[in-house]
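Report on the following structure.
The values are calculated or read from the model by the stated rules, or taken from the named source; none is laboratory data. The structure displayed is predicted, hence computed values, not measured ones. Cβ: placed from backbone, ideal geometry, glycine included. Neighbour counts: every protein chain shown. Calculation scope for accessible area: heavy atoms of the full protein, side chains included, ligands and nucleic acids excluded. Shrake-Rupley method; radii C 1.70, N 1.55, O 1.52, S 1.80 Å.
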Amino acid sequence: MKITVIGTGYVGLVTGTCFSEMGNNVYCIDIDNGKIECLKKGIVPIYEPGLEELVLKNQSNGDLIFTNNLKEGLNNSNICFIAVGTPMGEDGSANLQHVLDAAKEVGQLVNHDLIVVNKSTVPVGTADKVKTTILEELEQRNLKFNIEVVSNPEFLKEGSAVEDFMRPDRVIIGSSNENVIETLKELYAPFTTNHERFITMDVRSAEMTKYAANAMLATRISFMNEIANICEKVGADINNVRKGIGSDKRIGYNFLYAGCGYGGSCFPKDVKALIKIAANKGYDANILKEVEALNNQQKLTLVRKVVDKFGESLSGLTFGIWGLSFKPGTDDMREAPSVVTINKLCELGAKVQVYDPQAMEVAEKYYFEDNKKVKYAKNKYDALDSVHSLLLLTEWKEFRSPDFEEMSKRMVNKIIFDGRNQYNKETLKEFGFEYHQIGNGYEG
Ligand code: NAD
């Protein structure tokens, strides 16, 4: 099939690349000329496992074309995906400006019938707005085409985006047009060999499904963090409690970890947006408000433990930081717990030495209020030279089984504050470390 994808960020680039990998002809469009120029030269602006290889392969065989020329893309396509950002507006609602701009441009340039597939995460009712916007532009041009707007929310996860797109748990299509559904079923067939994974529904339910999924996952995290906080008060261990409750099939083990909070470009903004969507209709989404409030507190949980140990003033102290990205497998630091943690440590007078396998460049450019207090280390051990403690913030695999002897030699105090509960308490005791976890008040 011939496809245009508007927006070449995480979602658009992965979507376009994976469709081209299955033999479709894909135009990837972006208004960011710098991004398009880089991609044309084969430079992939984001880190995602396996992505660069697929981009280069499909670009060289002509199936994947990067351009800022939307007209060229549309002239050669019968399906147009919209995968632009929907950032958080000042009041917490989803900002639809990019989506509606993209719709307007489609209406100004399209010269034939078109299936418009919205992949951006958008409030219920946006598909109608997109259709109206396109039809208004066509009317201005005295043209009439059949424009079908479909909702196809994306569920890929940063860090495993290609894998998730290639083998999705499900593909959701919101449309009431049987022909359109058949076309998209064919397009997605290579990814959904098990047809149960291709789920169709009305447009509004599809739009809502994305928010409900992210809100559910965020709720699970905040719930576990709440239980962890109670465990600390009562002398229980969240690691054991997790095993105990996860064994119940109705609960399950996945996504059941306590930690120092969720971040990223989706959960925080989508939870806020859903609260706002509900409020606009006069409904107070109390659970979601608490999920968000608890997460904001949880991002500072390690700082609270550091203050309990060292006092309110941290001047003269240096902390090693392992992990900056909001989760492993990505260089994305949007809303990452590391940002809040490091800014707070520095505000209290500390210096930090940081290391992350992927996010060092992006961290240095954008994230810290006082970059003079932040030293960027070459590797995980250099980040520990003469530090008074280590804070582990992202559970990258390379932090899983470190050389504790080497760490002991480098650190002034052998103290670890672990925001992701990565180590065995007994092992660390043997190596002489003082070890603080999340949700582990168990001393015996
Ligand atoms: P992103 O910010 O990485 O990329 C968006 C891209 O769209 C940018 O490159 C921007 O320049 C481009 N753009 C904006 N307006 C444009 C226009 N008019 N024409 C052409 N290009 C335009 O965003 P993302 O992370 O890919 O997210 C896109 C959407 O998908 C959001 O709604 C997000 O909530 C949703 N989503 C994201 C993820 C994720 O993990 N990142 C997962 C699922 C869903």
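The shape of region 2-201 comes out rounded: with a ≥ b ≥ c from the C-alpha gyration tensor, a/c is under 1.5.
Ranking of Leu348, Leu391 by solvent-accessible surface, largest first: Leu348, Leu391 (1.4 Å probe, protein heavy atoms only, all chains present). Computed over the alpha-carbon pairs of region 324-394, the distance histogram in 10 Å steps reads 21, 61, 18, 0 percent, short to long.
When the scattering of the chain is computed by the Debye formula from its Cα atoms alone, each counted once and equally, what is log10 I(q)/I(0) at q = 0.06, 0.08 Å⁻¹? Ignoring solvent entirely, the Cα scatterers give -0.29, -0.52.
Highest average first, the peptides 97-108, 160-171 ordered by how many other beta carbon atoms sit within 10 Å of their residues are 97-108, 160-171. For the peptides 433-442, 83-92, the ranking by mean Cβ contacts within 10 Å, running from highest to lowest, is 433-442, 83-92.
Protection proxy ranking for 69-81, 240-252, using the average of other Cβ atoms within 10 Å per residue and placing the highest first: 69-81, 240-252. Each part reduced to its alpha carbon centroid, region 400-434 and region 11-36 end up 44 Å apart.
Shape analysis of region 1-67 places it in the rounded category; the axes a ≥ b ≥ c from the Cα gyration tensor give an a/c below 1.5. Measuring nothing but how far apart in sequence close Cα pairs (under 8 Å, 6+ apart) lie, relative to its length, region 96-231 scores a relative contact order of 24 percent. Centroid-to-centroid, using Cα positions, region 149-170 and region 288-335 are 29 Å apart.
Normalised by the number of residues in the chain, the mean separation of alpha-carbon contacts (under 8 Å, six or more apart) gives a relative contact order of 12 percent. In the full protein context, the chain carries 45 Å² of accessible surface per residue, based on a 1.4 Å probe and ignoring ligands, DNA and RNA.
Taking every DSSP beta bridge that has both ends in the chain, the antiparallel portion is near 5%. For the chain, modelled as a GNM whose springs connect Cα atoms under 10 angstrom apart, the maximal fluctuation among Glu430, Glu53, Glu226 occurs at Glu430. Heavy-atom accessible area, probed at 1.4 angstrom with all protein chains present, ranks Thr318, Thr15 as Thr318, Thr15, highest first. For region 321-405, applying the loop criterion from DSSP together with a ceiling of 11 other beta carbons within 10 Å to the trypsin sites (Lys or Arg not before Pro) yields Lys378, Arg400. Rounded to two decimals, the Cα-based Rg/Rh of region 203-444, with Kirkwood Rh, is 0.98. Given the C-alpha centroids of region 85-132 and region 182-235, what is the distance between them in whole angstrom? What the calculation gives is 22 Å, centre to centre.
The mean sequence distance of close C-alpha pairs (under 8 Å, at least 6 residues apart), as a share of the length of region 2-201, puts its relative contact order at 19 percent.
Springs between Cα atoms under 10 Å define the GNM used for the chain, and in it the highest mean-square fluctuation of Leu64, Leu390, Leu428 occurs at Leu428. The GluC sites (Glu not before Pro) found in region 306-369 that occupy coil by DSSP, while having at most 13 further C-beta atoms within 10 Å, are Glu312, Glu369.
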